[in-house]
Structures are given as C-alpha cells and as structure tokens.
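The values are calculated or read from the model by the stated rules, or taken from the named source; none is laboratory data. Just so it is clear, the model here is predicted, and its values are computed rather than measured. Quick reminder, even Gly has a Cβ in these numbers, built from the backbone with ideal geometry, and neighbours come from all protein chains shown. Only protein heavy atoms, including side chains, enter the accessible area calculation; ligands, DNA and RNA are left aside. Shrake-Rupley method; radii C 1.70, N 1.55, O 1.52, S 1.80 Å.
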Amino acid sequence: MLGPRVLIVEDDADLRGVLGRGLREEGFEVETVSTGHEALERVDHVGPDVIVIDIGLPDTDGRDLCQAMRARGVQTPVLFLTARDALVDRIAGFDAGGDDYVAKPFALVEVVARLQALVRRGGTEAAVEAVGLRLDPVTHSVSASGVEVPLTPTEFRLLARLLSRPGEAVRRRDLVRAGWPHGAIVRENTLDAYVARLRRKLRELEAPPEIGTVHGVGYRLQ
Ligand code: CA
C-alpha cells in the first residue's frame, strides 16, 4: 500500500536529503524540489497529500508560494518550515493559508507527527451541513442554495466549530483551538479579524446566518 505523498520545497540540499530519507523511512512517498518555481511546476503532477514549504526560498518567500498555490486551487495542507521563530512570522504564515509550522532546527519526529496529523485531518473531515450551510472540506468552501464562497483553511475550521453548535455561544478559547495548531500564539484581535472576514464572506450567500458576538464569551452562529 502506498503511503501519503509529500512534496518537500526546501533549497538547503542537506536538509532536503535528511527530510526525504527520514520521511521515506516513515512510509511517505517523497518528492523534493528546491525552488518555488519548481514547486508550482510540479505540484499538479505530484498531487501531494501534504506539502512542506521552507519559508526562506531562493526565488520567493514560502508564504507567497503557498498563497500562489491556494490561488490556483491547491487545497493540500501545508506545513511551513521557518528559521524565524518570531510571532509575527507564525501569524503571517497562517494568513498565507498555511496549516501548521515547525521552527528550525527541528526534530524529524516532530515533522513526522505534524504531517501525519495534517494528512489525517485532510482525510477525515467530512462535509458538514447545518442551518442551511454546507461546508466542503475538500474545497474549503461554504455554500448555500447553490452559491459557493471559498474560505481559507483557518476560516473553514472556525466556521466548522461554530456550525458544530449552531445557536450556542462558542468560547474564544475553543475557537482558537479549532482554528490554529496546538501551541500557536494567537492575539485577541487576530481571532476578531478572522471572524470579521467570515462575516463578510457569509453575506455573499443567500439569507445567511449571522455570527453574533457574545460579549465576554465568544461568538455564536444565529
Ligand atoms: Ca531556505
């Protein structure tokens, strides 16, 4: 049986080799490239289940590469490798449509665990339907009455969390846990900014539900 397919985008040859060998030993089918340009050329052909992107690439910023892939309809989960462990980089990574990150230097076992989690999440998210909305985990979109609006993976997970308890207040802490990887530091206004974007996107649907603010608690789909 073939293992999950991973595309590694990393310009450091030593690191690329270590990652490639390590992930093959863990049962992954590995394809490696060293630039953003090659990644864009190869991604459709490889059809990966998960993508590892180094943020510091020679020809582009890995976050821009991720956004370019998302814009081309690639919804594959992305794990960023970053040498810079700064908060601002983590947040920017998620804004760019990434799903998780590890900071260099990292232990191979950590990369393996995170990739396996991303593959599992990608494979088991079933379509969710509630209050007239349909969430599609493959396209990360929300639709109602035939109108479809694309979401980022984080927006998708936040809306899915709200949809899991329509009409009930969902605490801010629970939304952050749903939307961001374990241990990520998410500022208060980052969650608010995501909710504001979700509200705008929902308004593109016909007779959409509203995301109400429950002061001091969190948000509620109503
Ligand atoms: Ca690099």
From the list Val9, Val33, which one is of a type in the set (A, V, I, L, M), within 15 Å of Tyr101 (Cβ to Cβ) and at pLDDT 95 or above?
Val9
Given the structure, is Arg203 at pLDDT 90 or above, open to solvent by 80 Å² or more (accessible area, probe 1.4 Å) and farther than 18 Å from Arg157 by Cβ?
yes
For the range 76-92 the number of residues that are at pLDDT below 80 and either surrounded by 19 or more Cβ atoms within 10 Å (Cβ to Cβ) or within 15 Å of the ligand (Cβ to nearest atom) (or both) is 5
For the list (1) of a type in the set (D, E, K, R); (2) modelled with pLDDT of 90 or more; (3) over 30 Å from Leu7 (Cα atoms), I need the number of the one condition that Arg187 fails.
(2)
Taking Val214 as the residue in question, decide whether it is more than 17 Å from the chain's Cα centre (by Cα) and open to solvent by 10 Å² or more (accessible area, probe 1.4 Å).
yes
Go through the range 145-160 and report how many residues are buried (at least 19 other Cβ atoms within 10 Å of the Cβ) and either modelled with pLDDT of 85 or more or closer than 16 Å to Val214 by Cβ (or both).
6
Which residue is farthest from the ligand (Cβ to nearest atom), if the candidates are limited to the range 33-75 and must be surrounded by fewer than 19 Cβ atoms within 10 Å (Cβ to Cβ) and assigned to a strand (DSSP E or B)?
Asp61
